1. So how do 7, 144, 180 line up by other beta-carbon neighbours within 10 Å, fewest first?
2. Hey, could you pull the Cα Rg and Dmax for region 68-162, both in Å?
3. Evaluate E = 1/(1 + (r/R0)^6) for residue 25 and residue 173, where r is the Cβ-Cβ distance and R0 equals 45 Å; express this FRET efficiency to the nearest 0.05.
4. If I model a spin label at residue 136 and residue 45 as a point 7 Å from the Cα along the Cα→Cβ vector, what separation in nanometres do I get?
5. Counting C-alpha atoms alone, how compact is region 112-164: give Rg to one decimal and Dmax as a whole number, in angstrom.
6. Work out how far the C-alpha atoms of region 3-66 reach from end to end along every principal axis, then list the three figures in whole Å, largest first.
7. Let me understand the chain better: what is its radius of gyration from the alpha carbons, and its Dmax, in angstrom?
8. Using the Cα gyration tensor of region 17-129, with a ≥ b ≥ c the square roots of its eigenvalues, what is the shape: rounded (a/c below 1.5), prolate (a/b larger than b/c) or oblate (neither)?
């Protein structure tokens with residue numbers, strides 16, 4: 001792989017760098033200094049800072065002209081719709097028995113050691129009764145934001161990263177996040193709900 005390709009690979013790992021290069025608001029040499037150690041590790045040799053700076057500048061110029069991957073992400077976000085559900089509870093335990101399936105909202109994520117169930121607070125007692133192990137954490141007064149995207153999202157990399165990076169830049173804590181085919185489910189604290197909703201809507205409109 002050429003040095004230019006290595007530089008692009010490294011830069012692509014950092015959404016904030018991509019955004020800065022795409023908007024033309026970053027110092028190319030500063031970016032080059034930041035990524036140089038990673039580029040050298042990938043290349044297995046020392047590289048010249050001037051060569052890295054040149055590669056970064058050319059990548060920035062290409063991004064400013066537009067690229068297919070960026071346009072695909074833009075298309076998915078532009079066609080996504082967001083909805084908000086309040087009064088949500090998250091319960092994490094070491095083991096659940098038969099978790100009831102209520103008519104309301106629920107999603108379940110099973111990890112290697114823990115299982116988390118997020119549901120409407122009206123069904124929290126039913127879920128709690130299904131716990132057979134230790135309750136590790138229960139968080140009430142949460143808000144669930146569901147993003148419904150077109151089918152293309154399953155084949156377009158970078159959509160979820162864009163959403164998460166916007167939350168990070170706005171200092172919004174994500175309590176839980178998961179996806180189910182074309183739906184992305186983000187759980188935040190109640191105090192962040194309005195800000196999170198506005199952030200996503202702005203992302204869909206401006207990206």
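Throughout, read-outs are computed from the coordinates displayed, never taken from laboratory work. Values in this document were obtained by computation on a predicted structure and should not be read as measured data. Quick reminder, even Gly has a Cβ in these numbers, built from the backbone with ideal geometry, and neighbours come from all protein chains shown.
1. Working: 7 27, 144 23, 180 9.
In increasing order of surrounding Cβ atoms, one gets 180, 144, 7.
2. 16.5, 50
3. On the way: r = 27 Å, r/R0 = 0.59.
Once rounded, the FRET efficiency stands at 0.95.
4. Computed distance between label sites residue 136 and residue 45 equals 4.6 nm.
5. Here Rg and the maximum Cα pair distance are 15.7, 40 Å.
6. Projected onto the principal axes, the Cα atoms of region 3-66 cover 31, 20, 16 Å.
7. For the chain, the Cα-based Rg and Dmax read 21.0, 63 Å.
8. On the way: a/c = 4.35, a/b = 2.24, b/c = 1.94.
Taking the square roots of the gyration eigenvalues as a ≥ b ≥ c, region 17-129 is prolate.
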